[in-house]
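Taking it in order: structure first as structure tokens, then the write-up.
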Amino acid sequence: MSDKEIRTWEAEEFKHHIDLPWQQYLDRLEKGLLKRALKPTSWFVDLGGGDGRLHEVYKDVSQHKVIVDYSLDMLLAAQKKITDPRNQNTYLIAADITNLPFQSNVFDGGLMLRVIHHIREPSSALEEANRILKPGSSLFFEYQNKKNINSILKAVMGFTSFKNILDQSPLEVKPLFWNYSPGYIEGLVRQYFYIDQVYGGGIFWNRKLITTRVKKLEDLDLMLAPLLGKIKLTHQLFMELRVKKEVKEDKTFGKTPGNNILSILQCNRCKIGSLEYFKGSLKCEQCGRMFLLSNNIIDFR
Ligand SMILES: C[S@@+](CC[C@H](N)C(=O)[O-])C[C@H]1O[C@@H](n2cnc3c(N)ncnc32)[C@H](O)[C@@H]1O
Ligand SMILES: [Zn+2]
């Protein structure tokens, strides 16, 4: 994918966005759902992990953590957040999630929240996630549902067309920002994953009405999330996915990665070479390509 095709975020822009009261509400709901879904892992990957917003939830459940994002600015913000030395097992990788610099079958858990809506070809991101995750491991995933109650009411009142809601195709609501119908996204997801559970993100049909924190409503939303996941009328839908993959006799299957980031990395240009430290960078032992290592961020863009 070319840089133009990637919707990177800047840290200030994201902070501004997430500080809105209804975003804070969703932030807490997402963290609550994620906390419930997480299982202990050895290597965990946060795909499109941005400024490390969700790191606090998975940091103690996973031994090694990897945040991947295309935006250096977001990764630098993540680095500022993760200064506690107990968190030194967190690695920051600048890369496109549709062309990842990891060997196959190395992670035993991961998440992808608020990211798939920026990917023009969502199946390529799902395929890559499937490739790097071990068979049977979990991915916590979120997408934005175009058939949400808010859009349906707008169409009923004549503010928007029903066509957008009724058909299955992705709807580009802003440049490089798509909303999907549950049928479309579940069809794609099922090529690579089993869907173990679906959660709906909040009973409020208009989240912008939320201006103050009401803890009891948040608890109610967490409780209702599995039911809302069956109804599928909320704007955000979350899924607990499990990797669907044939176990083949291949050198990566059953291999336990080491404790060092080099033990899981693989050149994303020739797609076979392992990497070694060379003059302050990482060098592919196969094709010779160099990847810059700066501020503890390895740049594979
Ligand atoms: C809305 S932010 C969400 C960040 C984080 N997942 C969270 O929930 O707080 C979307 C992130 O996806 C990143 N992103 C978008 N397209 C990407 C791509 N193709 N590869 C890697 N990161 C990407 C953006 O830079 C941004 O940090
Ligand atoms: Zn290479």
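Read-outs: derived from the displayed coordinates by stated rules, not from any lab. Nothing here was measured: the structure is a model prediction, and the numbers come from that model. Here the Cβ positions follow ideal geometry from the backbone for every residue, glycine too, while neighbour counts run over all protein chains shown.
Between Asn296 and Arg36, what is the spin-label point distance in nm, taking each point 7 Å from the Cα along the Cα→C-beta axis?
Those two pseudo-labels are separated by 3.3 nm.
Fully extended, how many nm does the chain gain between Ser123 and Cys287 (0.36 nm per residue separation, minus their Cα-Cα distance)?
Between Ser123 and Cys287, full extension yields 56.3 nm more.
Show me 261-274, 60-73 ranked by packing, highest mean number of other Cβ atoms within 10 Å first.
Packing order, densest peptide first, comes out as 60-73, 261-274.
So how much slack lies between Phe159 and Val173, counting 0.36 nm per residue of separation and subtracting their Cα-Cα distance, in nm?
Full-extension gain reported as 3.6 nm.
Can you find, among Leu224, Tyr58, Gln103, the residue farthest towards the positive end of the dipole of the chain? Put +1 on the C-beta of Lys and Arg, -1 on that of Asp and Glu.
Leu224
In square nanometres, what is the average projected area of the Cα convex hull of the chain?
15.9 nm²
Packing-wise, with mean Cβ within 10 Å as the measure, how do 24-31, 6-13, 41-48 rank, highest first?
41-48, 24-31, 6-13
Can you tell me the 0 to 90 degree angle between the C-alpha axis of helix 182-192 and the longest principal axis of the chain, rounded to 10?
Helix 182-192 sits at roughly 20 degrees to that axis.
Can you tell me how much longer the chain between Glu276 and Ile195 gets when fully stretched, taken as 0.36 nm per residue apart minus their C-alpha distance, in nm with one decimal?
25.4 nm
If you count, for each residue, the other Cβ atoms within 10 Å and average over each peptide, how do 163-176, 93-106 line up from highest to lowest?
93-106, 163-176
Out of Glu127, Glu246, Glu218, any idea which swings most in a Gaussian network model of the chain, alpha carbons joined below 10 Å?
Glu246
Kindly flag which residue pairs out of Lys39/Lys244; Lys39/Lys271; Lys59/Lys81; Lys146/Lys230 have an alpha-carbon separation exceeding 24 Å in this structure. All intermediate terms of the calculation are to be shown ahead of the outcome.
Numbers: Lys39/Lys244 18 Å; Lys39/Lys271 30 Å; Lys59/Lys81 12 Å; Lys146/Lys230 16 Å.
Flagged as over cut-off: Lys39/Lys271.
Starting from the Cα of Lys255, draw a straight line to each of the aspartates and glutamates and keep only those under 15 Å, dropping any in the same chain fewer than 8 residues away.
Of all the aspartates and glutamates, those that pass the test against Lys255 - Cα under 15 Å, at least 8 places apart if same chain - are Asp108.
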